[in-house]
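The values are calculated or read from the model by the stated rules, or taken from the named source; none is laboratory data. As the structure is a computational prediction, the values presented were derived from the model and not from experiment. Cβ atoms come from the backbone with ideal geometry, glycine included; neighbour counts cover every protein chain shown.
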Amino acid sequence: MTLKLYNTLTKKKEEFKPLEDGKVGIYSCGQTIYDDMHVGNAKTYAAWDILNRYLTWKGYDVFHVMNITDVGHLTDDSDTGEDKVEKEAGRRGLEPMELVTEHIQKWYLEMKRLNMKRHNVNPRATGHMVEMIEAVKDIIKNGYGYEKNGNVYFDVMKFHGEHGYPGIGSMDIEQLKAGAGGRVTEEETEEKRSPLDFALWISAEPNHLMKWPSPWGKGYPGWHLECSVMGTKYLGERFDIHTGGVDHLFPHHPNERAQNIAMGCMDQEPVNYWLHSEHITVDGEKMSKSKGNFYTVEDLLERYDFEVLRMFFASSHYRKQVDFNEEALRTAEGNLEKLYNTLWNIENAEGGEKEDLDKDIKEVEKRFEKAMDDDLDTPGALNEIMKFAKRVNKNLDNRKEVLDEAKEKIQELGGVLGLKLELEEEGGKIPEEAIELLIDIRDDLREEGDYERADEVREILMNSGIELEDEDGKTVWKRR
């Protein structure tokens, strides 16, 4: 079967052909590490986790890079405003790297709790300053960058005349030119050759904390430059897949593409496939802290098992906007329960002499792969698993060996979607007294503000099939 992916660059589904047979390089735009991961972040990361898992399942050797932005991402996502990390650190009275360290530790823990595969590399922007300065030098040398008052800008109109810009997204250059004036300050207009030009290196004010020496004075890299440098460092001048959210369609990814070409990849596209995940809404509205409908992963894992969230993420196509609400989560929870019930029924079935499920086991894999090959159609793939589980439940009189094979196939295909589907061992159940003791320990840790260790205790309980819920200030539990 042939995998087809929707390439945002060409605006069509294309047959996936890796640059090197049997190997795939993926770069995913990751977290700007100044705040907690929210459900929208998690939905996007789950999409690229499934991409990684599916390519691996198909036999590819996948090398997946997801960056961590810890400097240079300004509050207006462009060349002006405050650094998001520095601003939040100042609000909390912390050093910027103190804040970053805290959130990186939490991010790794929450990614693990969501059953996301560990990426091969999670490069940090601050660890690649030498490479970024060298990249700016190359862009200037190749004629696409210029310096003014310690700032270095990318010459968009020169690049557009030779290579085309933006190349990603729906806007053309005339639309961008018409709207650019309102996004650029008067001071920037005086410095830039065109209001479309964007910063490669930004001169730091004296009170700016995060700054590095460079040939153009003390400063820090532009947000767009960071991903170009980290992507090419770990995946090469050209690589297979670049992923991100639809918020990266402009200006982040067009600027990345332009930089990659200007850094030296002049004759060919630097990335073969650009994939973008749609946003979520919450109860029909855009998620916003000001609206009170902002959910962090920490919030959600207090209320739901991670597999419920992974089931919810897999239930919608990555390119479709989906609404996050209680009904959708209950539906995900119900479908997850059906799969677990099927596994339990198989585990406890006596079996018989029939073998008619043997054909269904082969067919479900083919139908699953057919759905996933159509631009990662996870809802279609999940539907095939659910139909197969229903078929198994009606045929528990098959031979025990066939039933066990059916169980393994459900777990295998579910695993591609990020589900674990592991039944707990009867002999491994935690006694009620131990559960109550662990809950008391967790409550004490939370009162002391040691949330990391409290989360570790909760994870121990969750891995043992114990779900926790907070009701009226009290923690209650149930076995899954």
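Whenever a residue of region 371-384 is assigned by TED's automatic domain parsing to the domain that holds PHE312 and crowded, with 19+ Cβ neighbours inside 10 Å, its partners that are of a type in the set (Gly, Ala, Ser) and outside any helix (DSSP H, G or I), lying with C-beta atoms within less than 7 angstrom and at least six residues away or across chains, give the pairs LEU382/SER315. So, of the residues in region 440-480 that are assigned to a helix (DSSP H, G or I), under 31 Å from the mean Cα position of the chain (by Cα) and of a type in the set (A, V, I, L, M, F, W, C), which turns out to be surrounded by the fewest Cβ atoms within 10 Å (Cβ to Cβ)? Going through the qualifying residues, I end up with ILE460. In region 302-335, the qualifying residues are those that are in a helix (DSSP H, G or I) and β-branched (Val, Ile, Thr), and the one that is nearest to the chain's Cα centre (by Cα) is VAL308. Within region 94-146, being farther than 26 Å from GLU256 by Cα and either basic (Lys, Arg) or touching a strand residue (DSSP E or B) at 6+ places or on another chain (Cβ under 7 Å) (or both) holds for LYS106, LYS112, ARG113. Residues in region 162-177 that are outside any loop (DSSP other than H, G, I, E, B) and either at pLDDT below 80 or outside the structural domain of SER78 (by TED's automatic domain parsing) (or both): LYS177 only. Out of LEU376, LEU419, one residue alone is in a loop (DSSP other than H, G, I, E, B) and on the phi > 0 side of the Ramachandran plot. It is LEU376.
Just to be sure before I move on: is LYS390 loosely packed, with under 13 Cβ neighbours inside 10 Å, in contact with a helix residue (DSSP H, G or I) (Cβ under 9 Å, 6 or more places away or on another chain) and not in a loop (DSSP other than H, G, I, E, B) in the structure I sent? Yes; evaluated as a whole, the condition is true for this residue. What number of residues within region 264-288 satisfy the criterion of being in contact (Cβ under 8 Å) with a residue 24 or more places away in the chain and outside any loop (DSSP other than H, G, I, E, B)? Residues in region 264-288 being in contact (Cβ under 8 Å) with a residue 24 or more places away in the chain and outside any loop (DSSP other than H, G, I, E, B): 10 in total. Looking across region 336-355, the residues that are of a type outside the set (Phe, Trp, Tyr), surrounded by fewer than 17 Cβ atoms within 10 Å (Cβ to Cβ) and part of a helix (DSSP H, G or I) come down to GLU337, LYS338, ASN341, ASN345, GLU347, ASN348. With respect to (1) without any contact (Cβ under 8 Å) to a residue 40 or more places away in the chain; (2) not in a loop (DSSP other than H, G, I, E, B), the lone exception for ILE26 is condition (1). The number of residues in region 205-257 that are surrounded by 18 or more Cβ atoms within 10 Å (Cβ to Cβ), over 17 Å from HIS64 (Cβ atoms), small (Gly, Ala, Ser) and touching a strand residue (DSSP E or B) at 6+ places or on another chain (Cβ under 7 Å) comes to 3. Taking the conditions (1) assigned by TED's automatic domain parsing to the domain that holds VAL416; (2) buried (at least 23 other Cβ atoms within 10 Å of the Cβ) in turn, HIS317 satisfies each one other than (2).
For region 20-35, the set of residues classified as surrounded by fewer than 20 Cβ atoms within 10 Å (Cβ to Cβ) and at pLDDT 95 or above consists of GLU20, ASP21, GLY22, LYS23, listed by residue number. Checking each residue in region 255-265 for being over 15 Å from ASP79 (Cα atoms) and not small (Gly, Ala, Ser) picks out ARG257, GLN259, ASN260, ILE261, MET263, CYS265. Every test in (1) outside any strand (DSSP E or B); (2) surrounded by 22 or more Cβ atoms within 10 Å (Cβ to Cβ); (3) of a type outside the set (Phe, Trp, Tyr) is passed by LYS17 save one, and that test is (2).
Buried (at least 18 other Cβ atoms within 10 Å of the Cβ) and outside any helix (DSSP H, G or I) - does that describe any residue in region 399-414? No - not one qualifying residue is present in region 399-414.
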